[in-house]
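Each reported figure results from applying straightforward, stated rules to the coordinates on display, with no laboratory input. Since we're looking at a predicted model, the values are computed, not measured. In this analysis, Cβ positions are derived from the backbone assuming ideal geometry, glycine residues included, and neighbour counts consider all displayed protein chains.
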Amino acid sequence: MNYEHDEDDDLGFGDEVEEIPHPTLPQTLEALQQGAATGLTALVHYGLSKLESDQIAELDTVWQRLDAEYRARVIQELVDTSETNFELDFRTLGLYAVEDDDAAVRAAAVELLWTDETLEGMRTLLNLAFEDDSSAVRAQAASALGKYILLGELDDLPETQTAACVDACFAMFHNEDEDIEVRRRALESLGNASRDGVNEAILEGYHSQERAFKIGALFAMGKSFDHEWSSMVQHELNSPDSEVRYEAARAAGEIGIEEAVPKLSRMVHEPDRDIQEVCIWALGEIGGKEVTRILQRLMDDPAYAIDEAMIESLEDALVSASMPGENLLLWDLVDEDPENDDPRGNASRWN
């Protein structure tokens, strides 16, 4: 919500606030070691943010003495923190931690690099996707490559270089000797690409006997923004498999399938909380007057009156639903070629 306010009102009564100094590395490392017993404090979160490369050697002397399970827990907590506090920057720590001896730490470190949009970060992920001993790390890296594919599509990075990510994902998906989860994540990342062969790969995954591939194909369909997939997505909204229904609902929202609105509005009442939330989100993405009425009725439903999280989701969806044509505007901004018949333009979405 946007509103005008005086700068002094941020703290209520114009009180002047002292800027909290950034913790020193020795302070951070001491708190990091204590955190194994007491839990991490904000001091560690801020102290490990925006590390300089020349501080890594000092960090390493302490980091290597920490238990592997604790190291993984630290990185995962920083992932969660970075998703709500955008002032924090763990890129240097992430690039350091992807070389950890423990696979769980490396996998979490790939997640920690979710804000990184550099070619150095891209090359790091490419190496992990092909060379890491752990299939869990390779799968996490394959998933993260989707971001770089999208950046290339949007011309935020040179497509001549990000094309390597598309090639890598094709190679991983078609490699029958690779772990299924790695292949699935590679397929999901391909949904961000407008390259020839992507739709064929999605169809192959969708018609596969492997459940993971069908789920990955639905995810990729949503990322493509392509209405070609509408009938398949709507069909899977009736799947007996809850995870398939979840991904179908998300794809319906990303593609903007208006015909799915009645089904999505009924799915909101399923007992599965994740499905409830994704259907509300999808309705908001589709938008329009009918969706707005549906969401308002849900807001007024006594069943949700004391469910603060659900009310917040409904409020967010109502805001989205009131902005019809948003995706079309995005395509207009991104796809400057009037002769391009691809309904995606060059646009996709990284999730």
In which sequence would Arg184, Arg211 go, from the one with the fewest C-beta neighbours within 10 Å to the one with the most?
-> Arg211, Arg184
Quick one: if the Förster radius is 35 Å, what FRET efficiency do Asp60 and Asp156 give, using the C-beta to C-beta distance and rounding to 0.05?
-> 0.60
Over its Cα atoms, what ratio of radius of gyration to 2.2 N^0.38 Å does segment 225-336 give?
-> 1.05
Phi angles of segment 48-57, converted by Karplus (6.51 cos²θ - 1.76 cosθ + 1.60, θ = phi - 60°) into ³J(HN,Hα) in whole Hz with x for Gly and Pro, give 8, 7, 6, 5, 8, 4, 7, 8, 5, 4
Got a sec? How would Ile75, Ile311, Ile215, Ile149 order by Cβ neighbour count within 10 Å, fewest to most?
-> Ile311, Ile215, Ile75, Ile149
Please pull out the direction-averaged projected area of the chain, using the convex hull of its alpha-carbon atoms, in nm² to one decimal place.
-> 21.2 nm²
List, largest first, the extents of the alpha carbons of segment 149-222 along their principal axes, each in whole Å.
-> 36, 25, 17
If the label point is 7 Å along Cα→Cβ of Asp101, which residues in segment 24-65 have backbone nitrogen under 11 Å from it?
-> 64-65
Residue-wise HN-Hα coupling along segment 249-266, computed from phi with Karplus coefficients 6.51, -1.76, 1.60 (Hz; x: Gly, Pro) | 5, 5, 4, 4, x, 5, 6, x, 8, 4, 5, 7, 4, x, 5, 4, 5, 7
Roughly how big is segment 21-116's charge dipole about its Cα centre, with Cβ charges of +1 (Lys, Arg) and -1 (Asp, Glu), in debye to the nearest 20?
-> 160 debye
